[in-house]
Amino acid sequence: MSRSTYTGLPLLSALLVAIGLALGGWFAGQGLTKFRTDDRYVVVKGLAEQEVAADLVVWPLGHAVGGNDLGEMQAQLDANTDAIRRFFLDAGFAESEIVVSAPRLEDRAAYAWGEQQPRERFRYQTTVTLRSNRVSEAIEAVRNTGELVSAGVLLSEGGFPQFEFTRLNDIKPALIADATANARAAAEQFASDSGANVGGIRSANQGVITISERDQGSPQVKVVRVVSTVEYFLVD
């Protein structure tokens, strides 16, 4: 091998080492940039609410009679059931919207001894339930339930209408979009205060959608609420 060949080998090795160091520094720099981008993010929450009107009412009216003669009790229970059905029909509801549950008979004497025996041995009860989309008619009928009491119908406790909103899927996309927009606005404010810019979404959690009454005086008015949690990258 000639002298010039021996002289060229160290130069070639030095050149390859230099190129390797340069490429290594470039890749390291790229890796560090990505690491910093991934590590810099902000977690924000976005709230969105919307008032909606209930579109379904479920109104159970339980009633009971007491006595010692089962035949008389059956007749009285049937009469009261017919009175409640007539009450709903007169309010403008259809037969298909009224459901009568199977009656339940309680022998109260089976759980008492001696002087604790009840004066009326049996308690017989059932529930007439209205299920309808005509919410406004139900609200009007609530004001007239005193008519049943005046007719001698012994209504059970808790016979209040339950108002529900069933069209959540119709408003859900817009609601989530509003929550996400509010979250980004919060992230942009945070980024502005820290001298950075908001990048893409690192992760997102829709959160739980809740439906609640607006207030006790208006149970037919609901508030649909969602809180979304979003993580945004921060970039220079």
Residues within segment 181-216 that are farther than 11 Å from Val42 by Cβ, open to solvent by less than 70 Å² (accessible area, probe 1.4 Å) and out of contact with any Ser or Thr (no Cβ under 6 Å at 6 or more places or on another chain), tallied: 9
With respect to Arg134, determine if the residue is crowded, with 17+ Cβ neighbours inside 10 Å, under 30 Å from Glu49 (Cβ atoms) and charged (D, E, K, R). yes
Of Thr229, Thr166, which residue is open to solvent by less than 50 Å² (accessible area, probe 1.4 Å) and out of contact with any helix residue (DSSP H, G or I) (no Cβ under 6 Å at 6 or more places or on another chain)? Thr229
Index of the failed condition, Asp90 passing every other in (1) without any contact (Cβ under 8 Å) to a residue 12 or more places away in the chain; (2) charged (D, E, K, R); (3) under 30 Å from Ser212 (Cβ atoms): (3)
What's the total number of residues in segment 154-193 that are in a strand (DSSP E or B) and over 17 Å from Glu49 (Cα atoms)? 3
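Quick grid of which residues meet (1) of a type in the set (Ser, Thr, Tyr); (2) without any contact (Cβ under 8 Å) to a residue 24 or more places away in the chain; (3) surrounded by 11 or more Cβ atoms within 10 Å (Cβ to Cβ); (4) outside any helix (DSSP H, G or I):
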| position | (1), (2), (3), (4) |
| --- | --- |
| Arg86 | no, yes, yes, no |
| Ala102 | no, no, no, yes |
| Ala109 | no, yes, yes, no |
| Ala141 | no, no, yes, no |
| Leu148 | no, no, yes, no |
| Gly152 | no, no, yes, yes |
Among the residues of segment 52-70, is there at least one that is of a type outside the set (Val, Ile, Thr), exposed (fewer than 14 other Cβ atoms within 10 Å of the Cβ) and in a helix (DSSP H, G or I)? yes
So, in segment 54-80, exactly how many residues are touching a helix residue (DSSP H, G or I) at 6+ places or on another chain (Cβ under 7 Å) and of a type in the set (A, V, I, L, M, F, W, C)? 5
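The values are calculated or read from the model by the stated rules, or taken from the named source; none is laboratory data. Please read these numbers as outputs of a predicted model, since none were measured by experiment. When we count neighbours, we look across all protein chains shown, and the Cβ atoms used for this are built from the backbone with ideal geometry, even at glycine. SASA here: full protein model, heavy atoms, side chains in, ligands and nucleic acids out. Shrake-Rupley method; radii C 1.70, N 1.55, O 1.52, S 1.80 Å.
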